[in-house]
1. Mind counting the residues in segment 195-235 that are closer than 22 Å to ILE333 by Cα and in a loop (DSSP other than H, G, I, E, B)?
2. So which pairs qualify, if the first residue must be in segment 227-248 and assigned by TED's automatic domain parsing to the domain that holds GLU362 and under 11 Å from ASP307 (Cα atoms), the second must be of a type in the set (Asp, Glu) and surrounded by 14 or more Cβ atoms within 10 Å (Cβ to Cβ), the Cβ gap must be under 8 Å, and the two must be at least 6 apart or on different chains?
3. Is it true that some residue in segment 178-194 is modelled with pLDDT under 95, under 25 Å from the mean Cα position of the chain (by Cα), of a type in the set (Ser, Thr, Tyr) and part of a loop (DSSP other than H, G, I, E, B)?
4. When you scan segment 362-369, do you find a residue that is surrounded by fewer than 17 Cβ atoms within 10 Å (Cβ to Cβ), in a helix (DSSP H, G or I) and among the aliphatic types (A, V, I, L, M), even just one?
5. Within the set of pairs 6+ apart or on separate chains, which have a first residue in segment 269-295 that is on the phi < 0 side of the Ramachandran plot, a second that is among the basic types (Lys, Arg) and in a strand (DSSP E or B), and C-beta atoms under 8 Å apart?
6. Just to verify a result, which residue in segment 251-265, among those that are part of a loop (DSSP other than H, G, I, E, B), of a type in the set (D, E, K, R) and in contact (Cβ under 8 Å) with a residue 24 or more places away in the chain, is nearest to LEU302 (Cα to Cα)?
7. If you take the residues in segment 233-248 that are in contact with a Ser or Thr (Cβ under 9 Å, 6 or more places away or on another chain) and of a type in the set (Gly, Ala, Ser), which one is nearest to ARG267 (Cα to Cα)?
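The values are calculated or read from the model by the stated rules, or taken from the named source; none is laboratory data. Everything quoted here is computed from the prediction, not taken from an experiment. Backbone-built Cβ (ideal geometry, glycine too); neighbour counts: all protein chains shown.
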Amino acid sequence: MTKKLLQINITANWGSHGKIAEGIGNVVMSHGWDSHVAYGRWANPSSSQLYHIGSMMDERIHGVGSRLFDNHGLMSKSATIQLLRYVEQLNPDIIHLHNIHGYYLNYPELFSFLSQANKPVVWTLHDCWPYTGHCAHYMYVQCDRWKTHCEHCPQKRSYPASLLLDRSYRNYDMKKQAFLSVPNLTLVPVSKWLEGDLRKSFLKDCSIRQIYNGIDTNVFKPQTDTKAIMSKYDIPLGKHVLLGVASNWWRKGFEDFLQLRRLLDDRYVIVLVGLDEKRIKSLPTGVLGIRRTENVSDLCGLYSWADVFLNLTLEDNMPTTNLEALACGTPVITYRTGGSIEAIDEFTGYIANQGDIESVCELVEYVCSREKDVFKRVCRQRVIDNFSSSVQYEEYYMMYNQLLRL
């Protein structure tokens, strides 16, 4: 009988974790499985069969409840019950969770079902939300209350923001009770850093297997016609290009890029992708902003042309932008933040402490003083050897088979 995989995520083939779920689905289908993805919002066409959880109205009601009463993940009960009816009818062999936060699921209902389903459950942790009483990230404020018991949350107004109540103490207990109720749960942190913190949390006694995110090296690869890309986005030729890319620049070091600009001379230009129009209009001379590239090929062209990819993130688990830049042959300079440093080694990138702009400036000048070809082959080979999606997603398939004892 054909095996069935069901993945549950906020998106389907959209955004980094949505594309990861899509890639995993493609791998299991190549082995003869059926692949299904249940998603909350934001979907692109998918090779897997899709199920849409809830509605826009449900999402809005969940959002209001979350913002007023710190009830994130405790709304959407009707939508979750309908999802569980679908799961029962589908009867998948493996249930694989990704981001279950995002105003679309009721996690007590979901985990009550999973605790009785007698099926292997895999949960890829893309952030820290599963073991905190509120936040998805805590490194920016250097909070470690999650190690003992969350309360008096210093990030009450950060995602998932609560404007009135702080129920982090209650939420911590509810998560702990729900998530520890599933006997055959396997947790998959996407970086060694996240694995380390996970093993200090209330989930430490669960089965844990670290697997890195992967990228498609057939898509992200060095481009040759890069001058056309530079012309298209009005980037001046003859200068050293320092590239930064983010889908959301919240705590991604935008102000640090501006400080760096003040330390560099006019031989350098900083190009930032993913900025909104307000920020683009406020940029100083020597910093160019791009709202978004028209397609992945253009993004690869920018990665390929850049002398260095700068990731000055202040809060991250395992950013795929580092991998994309390396796959296009470009070295990375990153802050010592979370799992961001795990993408590089001594031949493919350099590390600076958060906020040490002078060190970043020195590293930029050093990298730009060397020929780009020194880095191109080793950068790409590092991704092929360690972060190729075909290899990483096969790890999930092998894990599924081990869990099913096939």
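1. Number satisfying all stated conditions: 10.
2. HIS240/ASP307; VAL241/ASP307; LEU242/ASP307
3. No, there is no match, as no residue in segment 178-194 is modelled with pLDDT under 95, under 25 Å from the mean Cα position of the chain (by Cα), of a type in the set (Ser, Thr, Tyr) and part of a loop (DSSP other than H, G, I, E, B).
4. no
5. Between residues of segment 269-295 that are on the phi < 0 side of the Ramachandran plot and residues that are among the basic types (Lys, Arg) and in a strand (DSSP E or B), there is no close pair.
6. Once the filter is applied, the top-ranked residue is LYS252.
7. Here the residue is GLY244.
Yes or no, residue by residue, for (1) outside any loop (DSSP other than H, G, I, E, B); (2) surrounded by 20 or more Cβ atoms within 10 Å (Cβ to Cβ); (3) free of Cβ contacts under 8 Å to residues at least 40 places away in the same chain; (4) assigned by TED's automatic domain parsing to the domain that holds GLY18:
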| position | (1), (2), (3), (4) |
| --- | --- |
| GLY54 | no, yes, no, yes |
| ILE61 | yes, no, yes, yes |
| THR80 | yes, yes, yes, yes |
| LEU84 | yes, no, yes, yes |
| GLN89 | yes, no, yes, yes |
| ILE95 | yes, yes, no, yes |
| GLY102 | no, yes, no, yes |
| LEU105 | no, yes, no, yes |
| PHE111 | yes, yes, no, yes |
